[in-house]
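> I have a structure I would like to understand better, so I am pasting it below and will then ask my questions one at a time.
The values are calculated or read from the model by the stated rules, or taken from the named source; none is laboratory data. All values derive from a computational prediction rather than experimental measurement. Cβ sites come from the backbone with ideal geometry, for glycine too, and all protein chains shown count toward neighbours.
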Amino acid sequence: MLQLFALAALLAMVAGACGEGEGDKGGATGGQTADEYLIGYAAALTGGLAPFDTPFKEGLEVAVELLNDQGGIDGEIPIRLQIKDMKSDAALASQVAQELVDAGVDMLITACDVDLSIASGTVAQAAGIPALSSCATTPTVPTAVGEFMFLVSMGDNAQAAVNADYAIAQGWDEAYLLGSPDTGYTAKMPEYFRVAFTDRGGQIVGEDTFTVGATDYSAQVAKVAQQDPPPDFIFTPAYVPDIGVLLKQLRASGIDIPVLGTDGADSSLLVEVGGEAAEGMIFTTHGIVTPGSPLEDFYAQYEAIKGSPPESIFAALGGDAVAVIDAAVTAAGSTEPTAVRDAIAALVDVEGVTGPLTYQDQNGVPLKNVYLVTVESGVFQLIEEQVPTDVPAP
């Protein structure tokens, strides 16, 4: 579980959170101890991924503040953040990552996307610095980058398995897939679902693609409407705001079959954009507040610090990231990058904000709870949570 920061360290962190300054550290230069631990974040704070990276940034700042209130990592090493916007642009992702590495960061956090995480993570890999993706879920990111790259989120294959389990349990044997070749997330997720669903006895009866950022889904809606008999449900990894627009056009056309989705739907934008059409949608995600949970506690602390509730569950992943960093540096007994990397790879049941995370024998993708949520009266409600089994291979 997250520890709680010293006022002096907190003030130093706030002053440097989005600044350009550097501190005297041993970690990035190979030393064994440090006066502070500098985390660089090549963040997508503008552009298409801002609805995900911005909440993560806010949660990261809160988690760092809470940890520094108790002295920092292992109660001794305060964290300082250096955050730069790479504007959801792959070319800038590499450039900003290099700027942060050149500034001497001990750890790099990459954006919430497979392509951007690979672009930034490759820079960290070349420098021999551990990297964590804020919320990318493509399970091949660590292997594509190298041994210094890790995810904070569960993998897309895990989300697919949970969705497939739920559909089969409902007696829904026929699925319609709607993905997009425009991103790794929207391209690969339907393939993981196809494997998981058919392995469980389900059948894919139709499929189509869409353009990320589109405002007109009439062609896709017409193709679904032509299915005779209609499929039991639609599975799509469309994310906000696209998913809200798609739902409105599906429902307006009279298509009322269930829609199953993934963590990209977990945002207030789902209901803001989708309105009544969002009712009943089901999606996998990283967590949901339940009484007495670590997430409930973190959200309360977040609101006390920021003055308003988190925008989405992606804020909690910032808390998970800090929990992983704290546990790894503490276990390593060092800020030396290779030691920290090895420590992350060996972590078991680290208490994060969204639940326990295990990296041991997981190839950089943590084993953690996946939550299944639905929309009821405009509010997200928990259906179930599970650690998925029989997950498709990355």
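> Listed residues Gly280, Gly287; which is touching a strand residue (DSSP E or B) at 6+ places or on another chain (Cβ under 8 Å), crowded, with 21+ Cβ neighbours inside 10 Å and in a loop (DSSP other than H, G, I, E, B)? Break it down into steps so the answer makes sense when it comes.
On the way: Gly280 fails: crowded, with 21+ Cβ neighbours inside 10 Å.
When all the criteria are applied, what remains is Gly287.
> Just need a number here: residues in region 65-78 that are surrounded by 21 or more Cβ atoms within 10 Å (Cβ to Cβ) and part of a strand (DSSP E or B).
Selection size over region 65-78: 2.
> A further question on this structure: Restricting attention to region 290-328, report how many residues are in a loop (DSSP other than H, G, I, E, B), at pLDDT 95 or above and either basic (Lys, Arg) or touching a Ser or Thr at 6+ places or on another chain (Cβ under 6 Å) (or both).
So the count comes out to 1.
> Take Ala331 and tell me if it is farther than 25 Å from Ala144 by Cβ and modelled with pLDDT of 95 or more. Break it down stepwise before answering.
Numbers: farther than 25 Å from Ala144 by Cβ: yes; modelled with pLDDT of 95 or more: yes.
Taking the combined requirement at face value, the residue satisfies it.
> Across region 361-370, which residue is nearest to Ala331 (Cα to Cα) among those that are crowded, with 21+ Cβ neighbours inside 10 Å and in contact with a His (Cβ under 9 Å, 6 or more places away or on another chain)?
Going through region 361-370, the residues crowded, with 21+ Cβ neighbours inside 10 Å turn out to be 364-366, 368, 370.
So of that shortlist, the ones also in contact with a His (Cβ under 9 Å, 6 or more places away or on another chain) come out as 368, 370.
Numbers: Lys368: 20, Val370: 26 Å.
The selected residue is Lys368.
> Another question, then. Check off (1) modelled with pLDDT of 95 or more; (2) surrounded by fewer than 19 Cβ atoms within 10 Å (Cβ to Cβ); (3) more than 23 Å from Tyr192 (Cβ to Cβ) for Ser268 and give me the number that stays unchecked.
It is condition (1) that Ser268 fails.
> Here's a follow-up. Could you list, in sequence order, all residues of region 335-394 that are outside any strand (DSSP E or B), more than 21 Å from Gly121 (Cα to Cα) and of a type in the set (Val, Ile, Thr)?
At the first step, the residues of region 335-394 found to be outside any strand (DSSP E or B) are 335-349, 352-355, 359-366, 368-369, 377-378, 387-394.
Now restrict to residues that are more than 21 Å from Gly121 (Cα to Cα): 348-349, 352-355, 368-369, 377-378, 387-393.
Passing the criteria: Val348, Val353, Thr354, Val387, Thr389, Val391.
Condition check ((1) more than 26 Å from Ala44 (Cβ to Cβ); (2) of a type in the set (Gly, Ala, Ser); (3) surrounded by 14 or more Cβ atoms within 10 Å (Cβ to Cβ)) across all residues:
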{"residue": "Gly318", "(1), (2), (3)": "no, yes, yes"}
{"residue": "Ile325", "(1), (2), (3)": "no, no, yes"}
{"residue": "Tyr359", "(1), (2), (3)": "no, no, yes"}
{"residue": "Leu372", "(1), (2), (3)": "yes, no, yes"}
{"residue": "Val379", "(1), (2), (3)": "yes, no, no"}
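> Among what's in region 211-228 and is free of Cβ contacts under 8 Å to residues at least 40 places away in the same chain and more than 16 Å from Gly179 (Cβ to Cβ), pick the residue that is surrounded by the most Cβ atoms within 10 Å (Cβ to Cβ).
Taking region 211-228 first, the residues free of Cβ contacts under 8 Å to residues at least 40 places away in the same chain are 211, 214-219, 221-223, 225-226, 228.
Pick out the ones that are also more than 16 Å from Gly179 (Cβ to Cβ) and you get 215-216, 218, 222, 225-226, 228.
Working: Thr215: 9, Asp216: 11, Ser218: 10, Ala222: 11, Ala225: 13, Gln226: 9, Asp228: 5.
Step by step, filter region 211-228, then rank; the result is Ala225.
> Next question. Across region 63-94, which residue is farthest from Gly318 (Cα to Cα) among those that are among the polar types (S, T, N, Q) and touching a helix residue (DSSP H, G or I) at 6+ places or on another chain (Cβ under 9 Å)? Explain how you work it out, then say what you get.
Step one: filter region 63-94 for residues among the polar types (S, T, N, Q), giving 68, 70, 82, 88, 94.
With the extra rule that they be touching a helix residue (DSSP H, G or I) at 6+ places or on another chain (Cβ under 9 Å), the set shrinks to 68, 82, 88, 94.
Values: Asn68: 15, Gln82: 14, Ser88: 18, Ser94: 21 Å.
Result: Ser94.
> Would you confirm, using the coordinates I've provided, whether Thr186 is within 27 Å of Ser268 (Cβ to Cβ), in contact (Cβ under 8 Å) with a residue 12 or more places away in the chain and in contact with a strand residue (DSSP E or B) (Cβ under 6 Å, 6 or more places away or on another chain)?
Values: within 27 Å of Ser268 (Cβ to Cβ): yes; in contact (Cβ under 8 Å) with a residue 12 or more places away in the chain: yes; in contact with a strand residue (DSSP E or B) (Cβ under 6 Å, 6 or more places away or on another chain): yes.
Against the criterion (within 27 Å of Ser268 (Cβ to Cβ), in contact (Cβ under 8 Å) with a residue 12 or more places away in the chain and in contact with a strand residue (DSSP E or B) (Cβ under 6 Å, 6 or more places away or on another chain)), Thr186 qualifies.
> Follow-up question, since we're still on this one. For residues that are within 17 Å of Leu49 (Cα to Cα) and either polar (S, T, N, Q) or out of contact with any His (no Cβ under 7 Å at 6 or more places or on another chain) (or both), tally how many sit in region 246-265.
Quick first cut of region 246-265, residues within 17 Å of Leu49 (Cα to Cα) only: 262-265.
Right, trim to either polar (S, T, N, Q) or out of contact with any His (no Cβ under 7 Å at 6 or more places or on another chain) (or both) and you get 262, 264-265.
Matching residues across region 246-265 total 3.
> Given region 79-189, what strands (runs of 3 or more DSSP E) lie entirely inside it while holding 1 or more residues that are closer than 15 Å to Ile39 by Cβ and touching a Cys at 6+ places or on another chain (Cβ under 6 Å)? If you could, list the steps in order and put the result at the bottom.
Details: elements: 79-85, 107-110, 131-133, 149-151, 174-179.
The strands (runs of 3 or more DSSP E) meeting that bar are 79-85.
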